[in-house]
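> To start, I am sharing the structure in question, which I have written as structure tokens.
The values are calculated or read from the model by the stated rules, or taken from the named source; none is laboratory data. Predicted model only: the values in this text are computed from it and were never measured. Please note: Cβ atoms are built from the backbone with ideal geometry, for glycine as well, and neighbour counts cover all protein chains shown. Surface accessibility is based on the protein's heavy atoms, side chains included, excluding ligands, DNA and RNA. Shrake-Rupley method; radii C 1.70, N 1.55, O 1.52, S 1.80 Å.
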There are 2 protein chains.
Amino acid sequence: MTDPVPVLFSYYRSTAAYRVRIALNLKGVNYTIAPVNLLTGEHREAAFRELNPQGLVPIYRDGDLTLSQSMAIMEYIDEAFPDGLALLPQGVPERARVRAFCNVIAVDTHPLNNLRVLKYLEGELGIASGARMTWYRHWMAEGLAACEAMLHKAGPGAFCFGDVPSLADICLAGHMFNAERFDCPLGKFPRVVARHEVAMAHPAFQKAHPLRQPDCPG
Amino acid sequence: MTDPVPVLFSYYRSTAAYRVRIALNLKGVNYTIAPVNLLTGEHREAAFRELNPQGLVPIYRDGDLTLSQSMAIMEYIDEAFPDGLALLPQGVPERARVRAFCNVIAVDTHPLNNLRVLKYLEGELGIASGARMTWYRHWMAEGLAACEAMLHKAGPGAFCFGDVPSLADICLAGHMFNAERFDCPLGKFPRVVARHEVAMAHPAFQKAHPLRQPDCPG
């Protein structure tokens, strides 16, 4: 049985799933959402492990193709649907700058602060809630400072890199949702805040927002 | 003053720098290495912060272009030097599978185990050496299990994805160097071990090996 349109296995508050939702919306790809409840552990059940042995969301399924890893999925979407908005600039050095910005968030920050790591800090290492929040905000601040410096170099433009949204704005959206959720101080990062505000006025970003997902509790 | 050939700011034992060295060797790009000593803190000094506000290696500099983030640098090298070996397959789904494999390592594993994080665990959280090693091996085992499952799906081929090396083999090389350095058990990952052995017989991988770098202590 083939899905009539691509399916995104998603959890409303997963940063990585949020990214892919925005990318699909920006590209104008029609898709459905299959919610995976991380709180009740659906991602660790056999049915989901069949899709992704890692037990992580998001998973993107289109016919026989099943893809994991949000950054790889977004590059796939950009290459598989070349019509519509390009999620990366055309110039080779410009593409590298956008990818580097993304990886400050997706590589250097997010993996340190996701649920499985915070659980390990609590369960295996006995780190108390206060110290876990300090950990969280420490890596956020490191990442945000690097983003701010990179946006300074990038120069003017409504979005992170120029006048159209890119993978950079997508990664920043999830990052900022987390920063706001966990009260991370943002005063030192005016460019980050300004670019994020512009992105969040875009319908593709709004529709993908965690609090507007079908599996978001009422 | 422009560098006559691209310069890689590298530390011999940095996994991320190791990746880029392999990529440059595979593409046949002529480059020089500028060592940055992470043990003496050269990466935190003003001169290096000027190049990379994040204070992380590697940095790739070619004329006016200065790039950070190993994955972004390697995609850049692949796009900027289209002649020679392609570091990603041609097919769009195949490219996505290679990138997803890379990100199991580069996103989900490596950032949790790098020097700055181990230092935070020790200094800020007071985690003893034994528990830090358990942490290290825990994330390594999670990553290696996912890699093994992905290689199982990828099917036969001397390298990770087919009969030529790709970004997947590059990321695996750094991963395995760390796994061996920290005595991570490898018995459950026969495909990972076999693919890695093939890669390490390739001159581009050998030349890039941490123990063959100019800044490796004698």
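> Rg to Rh ratio, segment A:8-85, alpha-carbon atoms and Kirkwood radius?
Ratio value, two decimals: 0.96.
> From the alpha carbon gyration tensor of segment A:68-201, can you work out the equivalent ellipsoid semi-axes (sqrt of 5 times each eigenvalue) and give them in Å, largest to smallest?
In descending order, the three semi-axes are 28, 18, 11 Å.
> Keeping the other protein chains in place, figure out the carbon and sulfur percent of the accessible area of segment B:1-109, with a 1.4 Å probe.
Reported share for carbon and sulfur atoms: 50 percent.
> Counting only DSSP beta bridges with both residues in segment B:1-105, tell me the antiparallel percent, nearest 5.
Beta bridges within segment B:1-105, antiparallel portion: roughly 65 percent.
> Could you compute Rg(Cα) / (2.2 N^0.38 Å) for segment A:1-140, with N its residue count?
Details: Rg = 16.7 Å, N = 140, 2.2 N^0.38 = 14.4 Å.
Normalised Rg, Cα atoms only: 1.16.
> If amide H atoms are built 1.01 Å from N in the plane of the peptide, which residues on other chains or at least 5 residues away come under 5 Å of the amide H of B:Leu186?
Amide H neighbours of B:Leu186, under 5 Å, 5+ apart: none.
> Taking every DSSP beta bridge that has both residues in chain A, what percent is antiparallel when rounded to the nearest 5?
So the antiparallel bridges amount to about 65 percent of the total.
> With the calculation restricted to Cα positions, what are the radius of gyration and Dmax of the protein assembly as shown in angstrom?
That works out to 20.5, 63 Å for Rg and Dmax.
> List the chymotrypsin sites (Phe, Trp or Tyr not before Pro) in segment A:98-200 that DSSP assigns to loop (not H, G, I, E or B) and whose Cβ has at most 13 other Cβ atoms within 10 Å. Which are they?
Here the sparse-neighbourhood loop sites are A:Phe182.
> Moving to a separate point now. How high is the relative contact order of segment A:92-204? Use alpha-carbon pairs under 8 Å, at least six apart in sequence, and give a whole percent.
31
> Taking only Cα atoms and a 10 Å spring cutoff, compute GNM fluctuations for chain B and point out the largest among B:Ala145, B:Ala131, B:Ala106.
The residue with the greatest mean-square fluctuation here is B:Ala131.
> What's the magnitude of the charge dipole for the protein assembly as shown around its Cα centre, counting Lys and Arg as +1 and Asp and Glu as -1 at the beta-carbon? Answer in Debye, nearest 20.
Once rounded to the nearest 20, the dipole reads 620 debye.
> Further, regarding this structure: Note down the nm distance, to one decimal, between modelled labels 7 Å out along Cα→Cβ at A:Glu180 and at A:Leu39.
That separation, rounded to one decimal, is 2.0 nm.
> Let me have the relative contact order for chain B, percent, based on Cα pairs under 8 Å that are six or more residues apart.
Worked out over chain B, it gives 25 percent.
> Of the options A:Met140, A:Cys171, A:Gly157, report the single residue whose Cα projects farthest towards the positive end of the charge dipole of chain A (beta-carbon charges: Lys, Arg +1; Asp, Glu -1).
So the residue we want is A:Met140.
> Which one of A:Asn25, A:Val104, A:Thr2 is farthest out on the positive end of the charge dipole of chain A, using unit charges on Cβ (Lys, Arg +1; Asp, Glu -1) and the Cα centre as origin?
Comparing the listed Cα positions along the dipole, A:Val104 ranks first.
> How many Å² of accessible area per residue for the protein assembly as shown, probe 1.4 Å? Before the final figure, lay out each step's value.
Values: 18060 Å² over 436 residues.
For the protein assembly as shown, the solvent-accessible area averages 41 Å² per residue.
> If you don't mind, another one. About the Cα centre of chain A, how large is the charge dipole given +1 on each Lys and Arg Cβ and -1 on each Asp and Glu Cβ? Please answer in debye to the nearest 20.
Values: 21 positive and 22 negative charges, 100 e Å.
My answer is approximately 480 debye.
> Using the Cα centre as the reference, give the magnitude of the dipole from point charges on the C-beta atoms of segment B:8-85 (Lys, Arg: +1; Asp, Glu: -1; all else neutral), rounded to the nearest 20 debye.
It works out to roughly 340 debye.
> Could I ask something else about it? Compute the relative contact order of segment A:159-208 as a whole-number percentage, counting only Cα pairs closer than 8 Å that sit 6 or more residues apart in sequence.
43
> Grab the DSSP H runs of the protein assembly as shown that are 4 residues or longer, score each as -39,500 (n - 2.57), total them, divide by all residues and round the 222 nm result to the nearest 500 deg cm²/dmol.
Calculated mean residue ellipticity at 222 nm is -16500 deg cm²/dmol.
> Restricting to the protein assembly as shown, compute how many DSSP beta bridges are antiparallel as a %, nearest 5.
Of all bridge pairs located within the protein assembly as shown, approximately 65 percent are antiparallel.
> Separate question: From the mean inverse distance of alpha carbon pairs (Kirkwood) and the Cα radius of gyration, derive Rg over Rh for segment B:46-106.
A ratio of 1.05.
> Roughly how large is the A-B contact in terms of buried accessible area, totalled over both chains, probe 1.4 Å, nearest 100 Å²?
3900
> Once you've got the GNM for chain A with C-alpha springs shorter than 10 Å, pick whichever of A:Ala141, A:Ala128, A:Ala173 has the biggest mean-square fluctuation.
Taking springs between Cα atoms under 10 Å, the residue moving most is A:Ala128.
> With chain B treated as a Gaussian network of Cα nodes joined by springs under 10 Å, which of B:Thr15, B:Thr66, B:Thr109 yields the largest mean-square fluctuation?
B:Thr66
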